[in-house]
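Quick note: the coordinates plus some simple rules give every number you see, no bench work behind them. This one's a predicted model, so the numbers in the text were calculated from it and none came from an experiment. Note: ideal-geometry Cβ built from the backbone for every residue, glycine included; neighbour counts use all protein chains shown.
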Amino acid sequence: MTANGSEGAMMTPRRITVGVLAALLFSAHSASPCTVVGGISSPSELVRTADAIVRATAVAYDRATQETYERQSLQPHTRVRFKVHEIIRGMDMGDEIVLPGFLVDKDDYSDDPAPRTFVRWNGRGGGCFADDYRRGGQFLLFLRRTSAGTYTVRWSPLAPLNEQLGGDDDPWLAWVRVESRK
């Protein structure tokens, strides 16, 4: 109690704890954590189950759209055009592919050694998938066909489906090339 007999100004340990918890709760991001049922797909499983695997460079936005996410799915509205350099697995796809994503000016190399078992940094923030692509950066894309007939890299949460490559001799690229021949 305070000198005038009220309890309002006194900060007890319980009030401090409640206040800190409330502050954390209200300042937390609205993104919910990713849930993966059955675990993250193994690298060998990713190679086996992808409809196509390509090495491609992020070139430009496909069309001018606002860079926003849909609130529920955290899916980008913008679409990035990629120039395909190598088809490691899959049918002839032509020399371009377009995928949802954002172009950025910074690299996002994985810290996971080959064979990769986890998504690169950009995909670890609650949305389960990495959607940023360095303009001019090369990426190894594990693709699945959607019911609409387009391709997506958003089919196995927290898996390394669109990792940025360090060059033509990247260890992840080399491992996937060998694994895809099995």
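The table for this structure:
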read-out: Potential extension, Lys83-Arg48 segment - 0.36 nm per residue separation minus Cα distance; value: 10.3 nm
read-out: Compactness of region 43-180, expressed as Rg and Dmax over alpha-carbon positions, Å; value: 13.7, 39
read-out: Cβ-Cβ FRET estimate between Val59 and Thr150, R0 fixed at 22 Å, reported to 0.05; value: 0.80
read-out: Ranked by how many other beta carbons lie within 10 Å on average, peptides 89-101, 134-146 from highest; value: 134-146, 89-101
read-out: Cα Rg, Dmax, region 106-145, angstrom units; value: 10.6, 28
read-out: Principal axis box of region 113-182, alpha-carbon based, largest edge first, Å; value: 31, 27, 24
